[in-house]
Every structure is written in C-alpha cells, then in structure tokens.
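The values are calculated or read from the model by the stated rules, or taken from the named source; none is laboratory data. The structure presented is a predicted model; accordingly, all values stated were derived computationally and were not measured. Virtual Cβ from ideal backbone geometry, glycine too; neighbours counted across all protein chains shown. The protein model used for the area step is the full one, side chains on, heavy atoms only, and it has no ligands, DNA or RNA in it. Shrake-Rupley method; radii C 1.70, N 1.55, O 1.52, S 1.80 Å.
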Amino acid sequence: MNSNHSITDLAMSYKRKIDREKMRILVCAGTGCVSSGSLKIYEAMKKLLIEKDLYIDIDLNKEEGINVSPSGCHGFCEMGPIVMIMPQKYFYVKVKVEDAEEIVEKASRGEIVERLLYKEPGKGLIHFSYENIPFYSKQKRVVLENCGKINPENIKEYIANGGYSALSKIFELSPEEICQEVITAKLRGRGGGGFPAGEKWFQVYNQKSDIKYVVCNGDEGDPGAFMDRSIMEGDPHRVIEGMIIAGYASGARQGYIYVRAEYPLAVKRLKTAIMQARDFGILGTDILGSNFNFDIKINKGAGAFVCGEGSALTSSIEGNRGMPRTRPPRTSEKGLFGKPTVLNNVETFANVPLIILNGAHWYLKLGTENSPGTKAFALTGNINNTGLIEVPMGTTLREIIYDIGGGIPENKSFKAVQIGGPSGGCLTPEHLDTPLDFDSLDNLGAMIGSGGMVVLDEKTCMVEVARFFMNFTQKESCGKCVPCREGTKVMLNIMEKIVKGQGTIEDISLLEEVAEVVKRGSLCGLGKTAPNPVLTTLQYFRDEYMAHVKYHMCPAGQCEAFKKYRIEDSACKGCGKCAKVCPTGAISGELKKAFMINTESCIKCGACVTACPFNAIKEEA
Amino acid sequence: MKTLTINGREVSFTDEKNLLEVIHNYGIELPTFCYHSELSTYGACRMCLVENEKKQLIAACSTPPKEGMKIKTHTDKLQKQRRVTLELLLAGHDRECTTCHKNDDCKLRKLASDMGIEEVRFSGNIKNIEVDNSSFSITRNPNKCILCGDCVRMCQEVQGVGVIGFAYRGADAAVMPAFNKLLSEVNCVGCGQCAAVCPTGAISVKSNIEEAWSAINDDSKYVVAQIAPAVRVAFGEAFGLKDGGACENLIVSALKTIGVNKVFDTCFSADLTVMEEAKELEDKIEKGLNLPLFTSCCPAWVKYVELKYPDFTKNLSTCKSPQQMFGSFVKDYYAKELGLESSDITVLSIMPCTAKKEECKRDEFKHGDHYDVDVVLTTQELIRMIREAGIMIEKLKHEPFDMPFGFSTGGGILFGSTGGVAEAALRVLDGEVKEFHAVRGFQGIKEASYDHKGKKLKIAVVSGLSNAKILMDRIRTGRSHYDFVEVMACPGGCIGGAGQPIQKNIGSREKRAKGLYDLDNKNQLCRANDNPMITKLYENWLGGVGTKKAHQHLHTQFRQRRRFESSIPLIKGSGTINIKICIGTSCYLKGAYDLYKEVDQYIKEKELTHTVNLEATFCLEKCTEGPVVEIDGELFTHTDKASVIQYIESFKETAQ
Amino acid sequence: MSDIKSLNRNFLKVNEIIEAHHSDPSELISILQEVQEEYRYLPEEILNYIAMAVHISPSKVFGVATFYENFSLAPKGKYIIRICDGTACHVRKSTELIVALRKKLGLTENKDTTDDLLFTLQTVSCIGACGLAPAIMINEEVHGKVTPEKAEMILEEIIKRERVNNEQ
C-alpha cells in the first residue's frame, strides 16, 4: 500500500462487502468456547450454509448471503459456546452442535431460536438482544469492542471496522506530537503500576540510540486474569496497531510480543495477524508508504510468572533466566539488549489506536480524572456471571458484582473481592461503593494489577485465601533477592501453620514483621507486592486470623484442620455404609444402632458424608 | 564537586559509581554480600539499603549518587530491615560455624555478631546437600550458600570460564555446575577466585594442612619447603604487619619452628624457568615456529588453554612452572646431594594459588607413586598452621632462606605480579635494560614491543582469564600477532591469587605488587643469568641451558583434554561397526556436522543401519586434527566423507 | 524400530533448529522449546551440544533450562495434562481433580509421568480459562468445567486412541 488514504479506501470497500451480508452468525472462538466445542459448531454451520448456497464472506463476490465467522471472546465464558446473530444481536448460549441446523435454518428465515436465548437467573427474563443482558448492558466495551464481533483471523474485518485508520493518521504528525497526545490522554499502563504510558514513550524518544525497542507484555500470569489473552485472541491487530504507533512515537523499529506459553491460541492468532499485516504493508519496511519501518517478533514464555516483571521479561527475551535486575537504569533507558525500550502490556497497547483516532479529549471523557479510559477485568470466583468485562474507570465494586456479575450464587453474602492477583489485596463490603481506579485502590493497599477480580463469599476462609496466594508467590519467586526468596518461604511456613491449627499469636506478629521486610526490601515488584494478600487480609479480617490461632477454629468452616464430623444419633439408621467407606476405620458401631466417629483417627476426607443415605453425618467447623 | 547529605551531614562526591561507594569513602561501611567493585552490580542481598527523603528504602549499590540527595544509613527502620534480612539468611544457612573453613573470614558470621543477632526465629529451611570435595583446588558446600552470586559473576565476568551458574529458581535456586556435576567433571580451571569472593564457607579453598602436618611429623620424611614470591608480600596482612611488606624471613623462621627441614625460595626456580623460557623463545623466533609463545607458569591458564583453545597447546612453553621445576631438582638432584632417596623427601609448596594444588597432581609430574611436589599449601593455610601451632609471630627471629636454592635475582621475585614473567625474560634477552614499565601495572591487557637482535619483539601481558579470552580470540582470528604472551589467570597476577589472605580493599593488590618491586629494587642482581647458584646448577647437573638433560628434567608436554564424557546416540545397530564422530567445538568448526550428515546418509543408502552404531561425541582429544572420527576404537584424523566411507568399507570386509 | 529412526531424525532436527535461529544465544529459549518438542524433554547431551553450538557455557544453558517451568530434564509423557490450580479453579475444587487424576494414572506428587511415557500430570497456576473453572489443558487443548468423571473419560479416549494407533 502506498498512500495514507488507502486504509480508508480499503475500509470503505470492505465495509461495502460486509454490507452485502444479510446476516452474520458469529461463533465464539475464544479459548473458553473452543474448549466447549465451538469450532465444531462453526464448521457445521459453514457446511450447512454452503450446502444451501447461502454462504458469503468478505472475499466472495456474491450479491448477498449469510456469513458465519469465528469471533473473539465475548467474555461470558460461563455461558459458552456462544453464538451471536448480527445485526439482530440475538445471543444464543450453551449452544451444541445439534443446534447448528436449527440456528441456520431459522436464521435464513429471519427467525429466532428462543430456547437458546439467555435467561436471567432467578428472574427467568429472556433477553432477545445481547445489549439488554445485564452482563453487557452495564459494561462499556471500548477496547474489547471488536472482541466477539469480528473474525480475529482476518485483517480485512479489522480494517472494515476502522482498524489501522489510527495508524494511517500518525504519519502526518511528528513522534513528539503522538507522545504528547498519549500524555494528554493520561493513558496509564494497564499492567499494574499505572505509569503514564505517554511519558514512558517520550522518555524513550529522547534517548539517543540507534536501536530502540517496543515490547508488549503478554505474560499475563496472575491466577484469575485473562483479559490480555482475550484481547490477543479476539482482536490481535489492535495490539499490533498500538505497538506500531508506539514504535513511531519512540523511534523504535523492532517490536516483541512476549506471550505466555499457556496461551497457544493467542500465539497462533498473533502469528496470523502479523503475517497478514506484513502482506498488507502494515508491518515491515516503508509502512503505508511512510518510510517508517517496524516489525514484530513473538516470543513464547516458558513458564515463569516473574517474567511479567519488566526487567525479567527483557532478560527472558534475551535468552536468559528471567531474573529482574536492579533499577536504575530504567527500561526506558536501558531495556531489552541494553537499549531504550517501551514496555507496556497488551491492554495498554490496545487502548492506543482509540486515543489516536478519537483524540485525547474523547478519551479523557471516559473514566475518572486521573485514570481515564476503561479497564477490563476478569470476574471470577463465587459470582453468578463469571467472565471478561470492561467498565469505565471509577465504576464501583457494587456495580461490577451485583449489576454485571449478577451477585453471589445461592444468595450467599459477599465477603470480599481479591483484586490484582498475588500482588493485590482484598476489598470488603465497606468498599463496595468506592469508585475503582489506580489511585483509589492504591490507597486501600490493593492494586488493579492486571485486573483479575476474584469474588469470595461468606463461606471463604480469608486466611486460606492469603495462604493460597502466598504459596503462589513463594513458588514463583525467582530466588534472586533475599527478602523475597527467604521471606516468602518463612511467610508461607507461618501461613501453613495457621491453617493447620498450629499457629500462635506470636506467629501473627512475626508474620507482620517479615511481611514488612519483604515489602520494603525486595528487589522487584513481585517481591515488593508479595505480602499484599497477607497484609490486607490481616487488615480487614484480623479476627479470622485470631480465631485460627486463639480459638482453633475457622469461622468460614473451610480449613480442613478444624473440621469435625459428627454422626447425628437421631438421623443415623445404623446401616454401616459410612464405616465401610472410611479409609482409616475411624467409624464404628453396631448395625441398626447409631454409629460413632473417632475424631482422633478421622482424617476428614468426607467420604462418609457422601456415603450416608440419610444425611446423618454433619460437618462442624 | 557535587554534594549530597548522609545522616544530616553534607558529603562531597565526584565520579563514584554508586551511593555505596560514596558512603564508603565518607567512612561508613554498609554491610553487603553481593557487591564487589570488580563485578557487575547484582543488587540481591538487600543489605546495603538506605533510606531516602521519601522514607523509601533503596539499595545503595545500585543507586547512582545525585546532587542534593538526602539519605540516612541507620534509621530504626533500616536497622530492623537489615536484622530481619540477615536472620532470614541465617535461617537457611548451615550454622556449624566453629568447624567452618571460612570461620573468621565469614562475612555472614561477622555481620550477625556485629548486629547482635542472638536468635534465629525462623526454622526449617536448612538443606542437607552433599559437599563437593572432588576438585583438588576448592571445596563446594551448598549448605552454606547464600546465593549472592559473587562466585558466578567472578567465574563468568572476570575469569570467562562460566563453569558455575545459577540453576532452578525460588526456594530451589542454587549455584552449581551444569547438571549439578562435580567440579572435577566440568571445565573448572581451579583458579579459586570463586572461593576468594565467597562471603561464606560455601566455596572454600581445599585444605591440605593435614598432609603437611603428617609429613612434618613423620620422622622418616625430610621436608623441603618452597615459598612462592607472592606469598611474602601478603602474609603480613594476617598478622597486622605493614600491608605489602615482605615477610619471607619470618615465614622461613615460622616454617623452621614448625619443623620443616629446609626452606628454599621458589624465586630461585623462577630464575631457572626464565633461563629455559628465554632460550625457548629465541629458538622459536629463529625458527618462526608456533608463535606466540605462551607462558606456562600459571596452571589455571594452562588448563584453560587445554580445555578451551586446544589448538593452541603447542604454543604453551614446554617449561615446567617454577613450582614444578623446584620439585624436579629437589627430587632428581638435591636428594642425591643429601644422600637420600627421592621418596624420603616431601616437597611442601607455599603458594598464593589454588590451581597449584591441582598442578602438582598432574600425571606428567607423577613417577610411580611419587609426585615431584607432594603438598601445596596456600598462604592462608600456612597462616592457619602457624596459628594452630601457637607460634607468636612477634617473637620470631628473621631467618634467611637455606642455600643453595634460597638465592634469587630480582627477576625471579617479579614472577609474583602480572608482567613479572615477561619482564624477567626481557631482562635476560636484553641484557642491559632493567626496568620494562610497559609490562607493569594492573591493566587487564598490556602490549609492548622491543627490539631484539634487530627484530621487533611483540609482547602481550594479560591477567584475568576473561582478558585472556579476548586476546586469544584476537590471535585466533588473526587480528593480533605477538611473539610472546604472558598470562596469569588471577587479576593482578599471583599476588591476587585465591590462596592469599582475603583482600580487605581494592588497594591491597597494589600494595602487594609494590612490595615485590621494592624487593627487586633492593636486589643487587636483576637478571636470572647473573644468579651464581643457577650457573652452578647448570654446571653441576644439567650441563647448560636448553640441553637434552635440561629438557628431561625441566620441561613437560601439554595435551588436549576431553571436555565432556557424554555422547549422543544416533543409530543403534548391532554394533558390528562402531563409529563415533566428534562434534566438539574444534571438529564442529571444521565441518564435523556436515560429515555426520553425509555418513548418516551413506549408512542409510547402503542399508547399514542394522550393523552400525553411530554416535556423536564431544571430544576425542585430537582437536587440532579434526574432524576426528573413531571407528571401532581406532582414531582417524582430518577425515572427510570419502575417508570415513573407505574405513567403513574396509571394516565391513574384515567383518565378513 | 522407531527408536533408531527417531534418534537420527531428532538430531538432524536439533541442528536445523539451531541453524534456523542462527546459533544466536539470545534465541536460547526458543531453541530449547523447539528441541523439547522433538524429544519431549531436554536430554543432557543435547543441552551440551546446544551450548557448544551457540557458544555459551553448559552451566548457562542448564540455568535457563531449570529456571522455566515448561522445560523438563526428564522424559515427559506424550500427553501433558496441566491441571489449573489458579484462584478461580482452586475455589471450584481443582484439588479434587488433581487427586482423582493422580489416582487414575498411578502418579504422586513426586512422580509426574507414567511409566509408559504416555501422560505427564502437572499443576499450573493459571491457564486463563477462569470462566470455565475448573479447567485442564491437555497438550494445547483446553477442557473446561471438568469433573473427575469427565477427566477420566477424556483420558480413556486418549488411551483408546493410542492403542488403536499402536496396533496399526
């Protein structure tokens, strides 16, 4: 492509082609739905449409027809496989291969398959259009706009939907102007720290160096987070476009995307996208006839959470052990291969085309004053609607959990949300109405992190949750600096003692002492934030810790060590089934009389509870 | 001049690399395990933290000083932070301090006592890993490792060997050779610099004190000691004597007090080495053969060449090192003078060096059950023996070396410092000039050229093996040409050897070197050929420099060494014909891989896969003559496809 | 028989991989990943060979190979089952899955590969399929909302398929 206008021309021509589609059936091909068999549904539908001579796609020169296309993640993975009919916006959930024929059949007649529509739990409300489903109606999908709507494996669809038009605009501007636009938009890094992206770019721009790099951090390792995966899978070109713009603004010619090895589909989609972009003259030399050269390489991670840390990530790309290094120098001064490097995460880059296209002032209208824009969150745990969501910064926890997430299952009460993964902390019912943004969370001792949000109900033991995260960071510590390597080990030992019922009150003060040392003294972000889950649970749920160490009980009734099983005399019919399944012979008694559990030899496996036909065995915390 | 504020007082600074150095120059020694000015900044021990204006803790080692900075070094928060960090380290550390080699020199122990750590409140992390005693030079005890990485960076950055590295991660992280092999199974050259920087007892110098005692206490043994040049200028540091002051006469006295029969000077045999080596150099220049000539006094360097540059072993001087020449003339010549069998004599070396411990055990120096040099002690071990024996240094008389091998010229003394061997040789070659300043000093690579008999003699002097690597690559690729190259493995030469007392600061090496040059200045004689004792030895025993007899006793041969024992099976047939193709570095560069592909294809074409066993091996020890192939136990060099096929065919025929 | 062929093919492949990465030490991780795909683990000899071919020390290669969780120095199964034990899956009882699959395959915490080298069982911290918790990944395929029964069925299918393949 030679001129800056050609993207616009292409977009128009593709748009015209897409307009020939009478209807488009979108089959979700995100990791979630693929695992539930969505690709088979797609194949079946395509076959049917071809048989019926109804099939059309962007390259087919046909007057009109129905298109069926795989799409990126809709975010509502719990309901997968998801099939959406456009432009009617019918939203079918839990679709099976057997449903393919009926869907195609009815779609061709403009009819709806009512039984597959989403029903709101509890209320039984049926929603015809996905826009009316509470899960979506309260969201503001800007970065995820294309996810679920376009075929991520076809660059033309991205272009038809306005993709790469931001790129075609930038060459009229100077790199400083681009940096300035991003600075004005106050775009903050979505990977955790919230550092202003534009300033970072400008720092790199100002470095005198022949070689500079743009690195995209797609090593989303936080347990409970999959926003970046969905973007890479569902809209890979948006990330690429953001990276090229960053390259132009900072003076870099080479980009790297570092993707977790656990995301094979993301790697595949990105590879396809890069190849297509090269074919279209969007990557490589003389991009869009601008004389600007930029290309992207993909590096697959090899399984180390710490590589999400900037300097560990660059070290890993360089072929080394992913160990963080001391700073200064900053990555923007000496990053990858010792060269000035722009390092942002996937979601940050995905925001860039929007800012360039719509202007900083448009962007500033979204979100809060100091954290403009939206944020994608992965909503998981004890919540009705698990999935991927995007909301403006400043949305409250209440809106997210109750409006979008549909509340807590089984009408249990909300206890806490663990936000920001192993580096973050927890928020409690008292924070339900706090607007969430970088600064408010920081003030609460938590952090947005990469955006994992795990909802916990009343039955969750917060001490055990803290232990879980401690176990995670301890396992993922790179082992370089003393506070993190040795401190997390000691902290985990203490946490394990507490959940096993062997903790003492002194252990809690020791835990706090070590936590402070790890937090203040560690070399990198992973270590500095590793004590957060422990510290915030100690802050908000100290009484639970005390219950464990002082009264040897788990208030949530979750810690195995404190569980006791008891046979209720009145309910026991003396059938002896429990005694038969008990692996340690802890249950004894005479047939047709009430049995007894010897708590000394009981290992609390719960086998008897399942075996008892009369529900006579009770679990006590 | 810029200023910053430390604990409320203004402190000026200039070009210090980091805050830690500014604070050190100001007069406060912050604790650190992982900072060494000569190594890259690692920033892992987190002991040198200081508090900035924002009350944040920052690591002084990795923060550049900035004008107007305000820092504090000992706030309550910092004290607590350091104490708990130390306590965390101690929790995972084998705390058998009393029986530890490093004992008094252990930084961890010292800090724990300075900080008043009285209790370790965390438990259960002490490992129980087997100690690696396989090396002649060093002992590795992983249970005492605090993972500061000093040894790893020393081995990689300064010595360019990279034989130990970090492995695994998190709580399992450890320092070890590849595949957790023993040090004797990997390419360790035994320089011991890892032990010199190790703050704890995780890597320490292998002790031979027991053997020394038992020889001294064995009445049937006549113990003859030699003292290397560098030992005398470092020994005093341990007893609070003047840094760099020469103490040879005290050492002689101490050894005699312990019960050693004769104490001679390695500087004498250094003079002898110079005689032989200068001759060798002249011969080689004349013939234009195998230049440059490399010095071979440093056993770590010799092993480095054997392992990494096998094609250059022919360039190593065939002269034995001064230590080994000493062993030879004591056992082969002096024994007869004394009327003793060589097996009645124990040669005890006092060396600044850990690699000498391995050198004396090389096969070349073994005769039946006996070695030329029996026991090698480092300066540090000697100090420990003296302490063990309860000898009070201040009460010792100064005693001269025994004769005849206690007399040396200034040239022999210079062997202890980088540039010294080259200078001693130049003095002999030149005959007029005494001081050759271009080869002196602590620069890693020094170059000089001198006129010699109408020719330009190009010389390079190197210390630190990573510098040697740079030089070797230049020589190998033809970018540099030299006639004579002196290499000492340790930075600064033997005075910086790993067997010396732990260097208190960067300046101690300079002081030791100065001590040697002072001795040289005081010496009336500076040229080895002016040493009357040397002349006499040639007259009485060898019959002249470079004679056949001199070669028989004072020269040796170096060989290429096998680096890996392993091989990669490629075709597993019945084994009627066993073929091993070497794909080690040298052979690989000479096209061994292509050869393999061709042979492989041939075997398949001829349907020999059932009869042939094909393996790729890493070294068949004929590196200069590659590609090397072994067929049924027989080695073939300079092979190509045609020759290998011919061999296979002939083997096939004999087999049939 | 397959042994003979594969040894040779693997070694040729290793060299192709190294060449494709221009013997560049910064490509070490990619080289190791691709080599591991060939051998299903990283044999010591091959690591030594790689070290030599890309001009770095074996200790460095060993250091990298042991740092990352996905590399294995011991032979791994043909099918690598990764059970997600991330927060979301943990909350939804992934532990039960681990117990059930270990039992099914006769594995323990310290023994993660079956003797016939068909399966390796690992736990991972998150595979990003939190919406489908508990999730497992078999090689590159993700399975969501897995119950112990469903997991056993999946394994049965694989075993059956393998048996058929072997007979052919």
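By a straight-distance test (C-alpha under 14 Å), which aspartates and glutamates pair with A:Lys497 as possible cross-link partners, with residues fewer than eight away in the same chain excluded? Counting by Cα, and skipping residues close in sequence, A:Lys497 has these aspartates and glutamates nearby: A:Glu464, A:Glu506, A:Asp507, A:Glu560. Each semi-axis of the equivalent ellipsoid for chain A is √(5λ) with λ an eigenvalue of the Cα gyration tensor; in descending order they amount to 46, 34, 19 Å.
Applying the criteria of a DSSP loop state and at most 15 other Cβ atoms within 10 Å to the trypsin sites (Lys or Arg not before Pro) of segment B:576-607 yields B:Lys606. Counting only other chain Cβ atoms within 10 Å of each residue's Cβ, the peptide B:610-621 averages 1.
A:Thr504 exposes around 50 Å² of accessible area when a 1.4 Å probe is run over every protein chain in place. When C and A come together, around 3300 square angstrom of accessible surface is lost from both chains combined, probe 1.4 Å. For B:Val189, the shell of other residues with beta-carbons less than 10 Å away shows a net charge of 0, using +1 for Lys and Arg and -1 for Asp and Glu. The simple spin-label model puts a point 7 Å past each Cα toward its Cβ; for C:Glu157 and B:Lys395 those points are separated by 8.9 nm.
Remark on segment B:161-182: accessible area falls by at least 40 square angstrom from chain-alone to full-complex state for B:Phe166, B:Tyr168, B:Arg169, B:Gly170, B:Ala171, B:Ala178, B:Phe179, probe 1.4 angstrom.
For chain B, the share of DSSP beta bridges that are antiparallel, to the nearest 5, is 55%. Among the trypsin sites (Lys or Arg not before Pro) found in segment B:420-477, those both in a DSSP coil and sparsely packed, with 12 or fewer other Cβ atoms within 10 Å of their Cβ, are B:Lys453. Remark: the B:Glu118-B:Asp104 segment gains 3.2 nm on full extension, using 0.36 nm per residue and subtracting the alpha carbon distance.
Contact with the other protein chains removes 20 Å² or more of accessible area, compared with the isolated chain and a 1.4 Å probe, from these residues of segment C:57-75: C:Ser57, C:Pro58, C:Ser59, C:Lys60, C:Phe62, C:Gly63, C:Val64, C:Thr66, C:Phe67, C:Tyr68, C:Glu69, C:Asn70. Note on C:Asp115: accessible area approximately 130 square angstrom, rounded to 10, probe 1.4 Å, nucleic acids and ligands left out.
Rounded to the nearest 500, the helix-only mean residue ellipticity at 222 nm of the protein assembly as shown stands at -11000 deg cm²/dmol, with each DSSP H run of n ≥ 4 adding -39,500 (n - 2.57).
Do any of B:Lys308/B:Lys606; A:Lys52/A:Lys123; B:Lys287/B:Lys446 go past 28 Å between their Cα atoms, and which? Check vs 28 Å cut-off fails for B:Lys308/B:Lys606; A:Lys52/A:Lys123. Of the listed residues C:Glu69, B:Glu399, the order by accessible area with a 1.4 Å probe, largest first, is C:Glu69, B:Glu399. Surface listing: C:Arg82, B:Arg109 arranged by accessible area from highest to lowest gives B:Arg109, C:Arg82, probe 1.4 Å.
Residues of segment A:22-68 that bury at least 30 Å² of accessible area once all protein chains are present, compared with their chain alone (1.4 Å probe, heavy atoms only, ligands and nucleic acids left out), are A:Thr31, A:Ser35. Computed in the context of the full set of protein chains, the accessible area of the protein assembly as shown at 1.4 Å probe radius has 49% of its extent on carbon or sulfur. Under the convention that each Lys and Arg Cβ holds +1 and each Asp and Glu Cβ holds -1, the size of the dipole of the protein assembly as shown around its Cα centre is about 1620 debye.
Counting only heavy atoms of the protein chains and using a 1.4 Å probe, A:Glu51 has close to 120 Å² of accessible surface.
As a calculated quantity, the FRET efficiency between A:Lys47 and C:Glu149 at R0 = 35 Å, using C-beta atoms, amounts to about 0.65.
For the pair B and A, the buried accessible area comes to roughly 2700 Å² in total, with a 1.4 Å probe and the value rounded to the nearest 100. Loop-resident trypsin sites (Lys or Arg not before Pro) (DSSP state other than H, G, I, E or B) in segment A:47-115 with no more than 16 further Cβ atoms inside 10 Å of their Cβ: A:Lys52, A:Lys62, A:Lys89, A:Lys94, A:Lys96, A:Arg109.
Between A:Glu513 and C:Glu167, the distance separating the two model label sites (each 7 Å from Cα on the Cα→Cβ line) works out to 6.8 nm.
Charge dipole of segment C:2-67 (Cα centre as origin; +1 on each Lys and Arg Cβ, -1 on each Asp and Glu Cβ, all else neutral): 100 debye, rounded to the nearest 20. Spin-label pair B:Arg479-A:Asp279: with each label point 7 Å from Cα along the Cα-Cβ axis, the two points sit 4.4 nm from one another.
For segment B:86-225, the relative contact order is 27 percent, taking Cα pairs closer than 8 Å that sit 6 or more residues apart in sequence and dividing their mean separation by the residue count. For peptide C:143-151, the mean count of partner chain Cβ atoms within 10 Å of a residue's Cβ comes to 2.
Helix A:6-19: angle to the longest alpha-carbon principal axis of chain A, degrees 0 to 90, nearest 10? In chain A, helix A:6-19 runs at an angle near 70 degrees to the longest axis. In terms of distances greater than 18 angstrom between alpha carbons, the cross-link table entries A:Lys297/C:Lys76; B:Lys55/B:Lys77; B:Lys206/B:Lys320; A:Lys200/A:Lys334 yield A:Lys297/C:Lys76; B:Lys206/B:Lys320.
Rolling a 1.4 Å probe over the heavy atoms of the protein chains gives the protein assembly as shown an accessible area of 39 Å² per residue. Taking C:Ala129, C:Ala20, C:Ala151 as the candidate residues, the one with maximal mean-square fluctuation in a Gaussian network model of chain C, Cα springs under 10 Å, is C:Ala20.
To the nearest 10 degrees, how steeply does helix C:2-20 sit against the main Cα axis of chain C, on a 0 to 90 scale? Once rounded, one gets 70 degrees. Taking every residue in B:80-90 and counting other chain Cβ atoms within 10 Å of its Cβ, the average works out to 5.
Can you give me the angle between helix A:264-279 and the longest principal axis of chain A, using Cα atoms only, in degrees from 0 to 90, rounded to the nearest 10? Orientation of helix A:264-279: about 10 degrees from the principal axis.
Apply 1/(1 + (r/R0)^6) to the Cβ-Cβ distance of B:Glu53 and A:Asp439, taking R0 = 25 Å, and write down the FRET efficiency to the nearest 0.05. For B:Glu53 and A:Asp439, the calculated efficiency is 0.70.
Between A:Leu60 and B:Ile645, the FRET efficiency from the beta-carbon distance, with R0 = 45 Å, is close to 0.15. Please name whichever of C:Gly144, C:Gly128, C:Leu73 sits farthest to the positive end of the charge dipole of chain C, dipole taken about the Cα centre and charges placed at Cβ: Lys and Arg +1, Asp and Glu -1. Highest projection toward the positive end goes to C:Gly144.
Mean separation of Cα pairs under 8 Å and 6 or more residues apart, divided by the residue count, gives chain A a relative contact order of 11 percent.
The stretch between C:Glu96 and C:Thr108, if pulled fully straight at 0.36 nm per residue, gains 2.9 nm over its current Cα-Cα span. Accessible surface buried by the C/B pair amounts to about 2700 Å², both sides summed, 1.4 Å probe.
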